[in-house]
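Colleague: I'd like to ask some things about the structure below.
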Amino acid sequence: MSEGKRYLLTGASSGIGEVLARQLAAQGYDLVLAARRVDQLAEQAAELSTRYGRKVVALPLDVTDLAAAQTIVGQAAEALGGLDGVIANAGIAMTGHVGSGHFENDRKVIETNLTGCIASLDAATEFFLKQGHGHLVAVSSVAGKVGLPGNAAYSASKFGLLGYMQTLAAEACGKGLHTTVLLPGFIDTPINQGMKSRPFVIDVERGAAIITRHIINKRRFAYVPGWPWAVIAPLLALLPPRLLGKYF
């Protein structure tokens, strides 16, 4: 089977995912859009299908339902007549300092951003290994390189996703699979609009355009945008904790 442009996108109903869906459809991708907001998602899929002449299907998904996060892969393949890629983009953020009584929020962040994404990626890897090709994309974060004060669980989830994808890339070598892990900096969406500091923030259209380009090119690893984060993120990780806490 030849590689094509039939992709599953999780977290597709808002933020980066909503704009990314539009830009991928404009580039000729057939899509399954998956998220919890079913009514909004159905309207979005219909609009994209009409505008770009692509097959765009909406399927309900809460990635914290781990069985659903795995079965969505087969459902997407059935809906599109095959599947060539999965973009694990679902994510949430809940702020709160460690020890401030917010563990329940931390648990939800980890279950969504890490465990839920891993569930879909694991099922997709199994599917792609059987067919001999496939593209596995994970949206991590600059916070996967430096722990951000007030966002410990979010940073932990993105560190974990980055480590998972590094391992997956090593295991997938020579098996016909491509892996892409993307680390956005501050992209202007509701997930970060309440933060104290958002250095080098860019608008969501530009962020999604960069992500789309990396997906098309099957880039293995990239910051979004590359400049200045490819330089700044490693340096931030070396800052003394008191300076990091003062800035963020």
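The values are calculated or read from the model by the stated rules, or taken from the named source; none is laboratory data. A quick note: this is a predicted structure, and the numbers were derived from the prediction, not measured. Because the Cβ atoms are built from the backbone with ideal geometry, glycine has one as well, and the counts that use them run over all protein chains shown. In case anyone asks, the SASA skips ligands and DNA or RNA and just uses the protein heavy atoms, side chains included. Shrake-Rupley method; radii C 1.70, N 1.55, O 1.52, S 1.80 Å.
Colleague: Where does the charge balance sit around N113 when Lys and Arg score +1, Asp and Glu -1, over other residues with C-beta under 12 Å from its C-beta?
Modeller: +1
Colleague: In addition: Per residue, how much accessible area does the chain show when a 1.4 Å probe rolls over the protein heavy atoms, in square angstrom?
Modeller: 45 Å²
Colleague: What net charge do the residues around A76 carry, taking every other residue with its C-beta under 12 Å from that of A76, with Lys and Arg at +1 and Asp and Glu at -1?
Modeller: Residues near A76 contribute -1 overall.
Colleague: Highest mean first, how do 40-49, 56-65, 213-222, 137-146 rank when packing is the count of other Cβ atoms within 10 Å averaged over residues?
Modeller: 137-146, 56-65, 40-49, 213-222
Colleague: Given the chain, what count of lysine pairs have C-alpha atoms under 16 Å apart, with each pair 8 or more places apart or on different chains?
Modeller: For the chain, qualifying lysine pairs total 7.
Colleague: List, in order, the whole-Hz ³J(HN,Hα) value for each residue of segment 71-77 obtained from phi through the Karplus relation with A = 6.51, B = -1.76, C = 1.60 and θ = phi - 60°; use x for Gly and Pro.
Modeller: Karplus-based 3J(HN,Hα) across segment 71-77 equals 6, 4, 5, x, 5, 5, 4 Hz.
Colleague: If DNA, RNA and ligands are ignored and the probe is 1.4 Å, what is the ranking of C117, C173 by accessible area, most exposed first?
Modeller: C173, C117
Colleague: When a/c reaches 1.5 or more, the comparison of a/b and b/c decides; with that in mind, is segment 1-89 rounded, prolate or oblate per its Cα gyration tensor? Write out the running numbers ahead of the final one.
Modeller: Values: a/c = 1.67, a/b = 1.10, b/c = 1.53.
The shape class here is oblate.
Colleague: At a 1.4 Å probe, what is the % contribution of carbon and sulfur to the accessible area of segment 59-208?
Modeller: Ligands and nucleic acids excluded, carbon and sulfur give 56 percent.
Colleague: Find the relative contact order for the chain and round it to a whole percent, using C-alpha pairs within less than 8 Å whose residues are 6+ positions apart.
Modeller: It comes to 18 percent, rounded to a whole number.
Colleague: Using helices alone, I'd like the mean residue ellipticity at 222 nm for the chain: each DSSP H run of four-plus residues gives -39500 (n - 2.57), total over residue count, nearest 500.
Modeller: It comes out at -15000 deg cm²/dmol, rounded to the nearest 500.
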